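Only the coordinates and a few stated rules stand behind these numbers; no lab work does. A quick note: this is a predicted structure, and the numbers were derived from the prediction, not measured. FYI the Cβ positions are ideal-geometry reconstructions off the backbone, even for glycines, and counts take in every protein chain you see.
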């Protein structure tokens, strides 16, 4: 479904933003509540995944301990689904490992949706893992899953019309899909700008917007958006901004070269 070279990383960054961090900057917790772990402990560990991928494994361990005591904790289920999504994109080293991660994330999110069908975040992680699974399995599976992806995005925005990440993902879908399958660059821009009006520091949405503007040959606007991303002092989630900043710098260079031709 996402046939752009940046798609895998962008999907990861987009989906990982939803779980709040303890801070917008790097966090190095001195201690963890080993005997009574909390989701805050898990978030404090995960916030370092851009520097140490083992933080992802540690986070999974903490959340699984919580779920042993509270198997119906929807917030914990959502977070664990999100972490498996991150694992698949950031740490998995093979197609088989990625599939395994996304299938685990999907199974966990299905349980969250079953327990809380009106929880938009549960639907968000379900569709994020579903789209990732379809993508890594290939074009046919992506297209096969497209109706379900559309349905879930509709549900998210019906439950919460101001779901910033649902809006951004919907905009991304309109961007990547070809016109024959419903893609529309103008509609994509509308959804992405709506998401940024709700969260002006969402680095992935800024990157999507820049790509959108580039596709429309609005090069100066695209570079302006990317520079805003690079210089953002208050990113919504530091590790995601840290990765997106690298992509932004590369894309700025490509756009400037493209503009010269």
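Principal-axis analysis of the Cα atoms of the chain puts helix 164-176 at an angle of about 50° to the longest axis. For region 215-261, compute Rh as the Kirkwood radius over C-alpha pairs and then the Stokes-Einstein diffusion coefficient at 37 °C and 0.692 mPa s; write the answer in µm²/s, rounded to an integer. Using the Kirkwood radius from Cα pairs, D works out to 294 µm²/s. Relative to the longest principal axis of the Cα atoms of the chain, helix 74-90 runs at roughly 60 degrees. For residue 234 and residue 162, the difference between the fully extended length at 0.36 nm per residue and the C-alpha to C-alpha distance is 23.8 nm. The relative contact order of the chain, computed from alpha carbon pairs under 8 Å that lie at least 6 residues apart in sequence, is 19 percent. Stretching the chain fully between residue 137 and residue 199 yields a gain of 19.2 nm (0.36 nm per residue, less the alpha carbon separation). Taking the longest Cα principal axis of the chain as reference, the axis of helix 203-215 is set at about 20 degrees.
Note on the chain: GNM, Cα springs under 10 Å; of 231, 48, 119, the largest mean-square fluctuation is that of 231. Cβ-to-Cβ counts within 10 Å put 149, 250 in ascending order as 250, 149, the fewest first.
Note on residue 184/residue 219: beta-carbon distance plugged into 1/(1 + (r/R0)^6) with R0 of 25 Å gives a FRET efficiency of 0.75. Taking 130, 143, 173 as the candidate residues, the one with maximal mean-square fluctuation in a Gaussian network model of the chain, Cα springs under 10 Å, is 143. Just checking the listed ones, 153, 39, 181: in the Gaussian network model of the chain with Cα springs under 10 Å, the one fluctuating most is 181.
Per residue of the chain, the DSSP helices (runs of n ≥ 4 H) give a summed -39500 (n - 2.57) that works out to -23500 deg cm²/dmol at 222 nm.
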